[in-house]
């Protein structure tokens, strides 16, 4: 395994100032499980291909531990990469496909036949491929082929890193949870450095110890799933993470209050005067529906008056879509709580985030 260090890495496909990946410096620790998360075109696959050696960066250096691998070809970086669509040999059996990257090694890296068989059997067991072990890859389902492709990355225990480029795209939804769980178990068991590219927040948050959120070629935040949920450092992260995402409302600050369309919302602290675009962020989980005309236990006049424009039942709870003047607001409502006839909303002030020009205003900024 290896610590992966990015030193001012950047890439432009046309050689100009139009960067698909803007300058980035960071260190990913040996044995960590990371996810690159963001919408299509944000630069996550570009970054993965720079790490793997499929793409030579326009600028910067890439280190595996203390070795500069920036100019090394893929085959000399000792990595395994699993692509979105499985790359297999159809005329080989499942077991032969898994053994191929091990049998192909030369010189001092060559493995004994018994070691190869042991690693192949281990991968077959981990991925539940026992019944298919002696079948040709041709004719297998897309799900099974991708499991074999995952296995080819996992049989190599000595790699610097295992890279996954949206590996579950072709997998049926009911199997995705199973494979994510297996990958997490494999990471815990073997301690591989793993980097996983996806646009699916569920995949990223359930797989990774640290999630790297990207937008327009930049890393806007890297943190644990809990950190991304509790304190998004950019309004994009707030909206992108969560189901539904964070409510972002334009406001004005007056000391320890945020003013939204003339209504005051109490804050947990007093803020200094801030220039630029000021916004209040609050997750739907921390918005309480109150009001009269329902058994809410609320006092009359508590909170901000809203109009409920729709309610979506998602099983464990409901999502109320509300309108606060010209703004929309999502509210998580417990399954059995009635919707009041004259609804109002109350924000948990300890969970409010204040943003200046889309960036989180932290407690240390003043």
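Every number in this text was worked out from the coordinates using simple rules, so none of it is lab data. Note that the structure is predicted; figures quoted are calculated from it, not measured. No Cβ is skipped: glycine too gets one built from the backbone with ideal geometry, and neighbour counts run over all protein chains shown.
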Apply 1/(1 + (r/R0)^6) to the Cβ-Cβ distance of residue 252 and residue 18, taking R0 = 41 Å, and write down the FRET efficiency to the nearest 0.05. 0.65
Scaled by the rule-of-thumb 2.2 N^0.38 Å, the alpha carbon Rg for region 4-234 gives a ratio of 1.02
Taking the alpha-carbon centre of each part, the distance from region 300-324 to region 261-287 in Å is 19 Å
If N is the number of residues in region 180-261, what value comes out of its Cα radius of gyration divided by 2.2 N^0.38 Å? 1.38
Pick from 269, 321, 233: which residue has the top mean-square fluctuation in a GNM of the chain where Cα pairs under 10 Å get a spring? 269
Histogram of C-alpha separations across region 243-360, 5 Å bin width, %: 2, 12, 22, 25, 19, 12, 6, 3, 0
How far is helix 113-126 tilted off the main Cα axis of the chain, in degrees rounded to 10, range 0 to 90? 30 degrees
Region 70-109 and region 122-195: distance between their alpha carbon centers, rounded to Å: 14 Å
Could you work out how far apart the two model spin labels at residue 350 and residue 130 are, taking each label as a point 7 Å from the Cα in the direction of the beta carbon, and quote it in nm? 4.9 nm
Principal-axis tilt of helix 94-103 within the chain, Cα atoms, nearest 10 degrees: 70 degrees
So if each residue of separation counts as 0.36 nm, and I subtract the Cα-Cα distance between residue 170 and residue 70, what length gain in nm does that give? 32.9 nm
Bridge orientation stat for region 4-234 from DSSP, antiparallel percent rounded to 5, came to 50 percent
Average Cα contact separation per residue, the chain, under 8 Å, 6 or more apart, as relative contact order %: 16 percent
Folded to 0 to 90 degrees: helix 142-154 orientation relative to the chain principal axis, Cα: 70 degrees
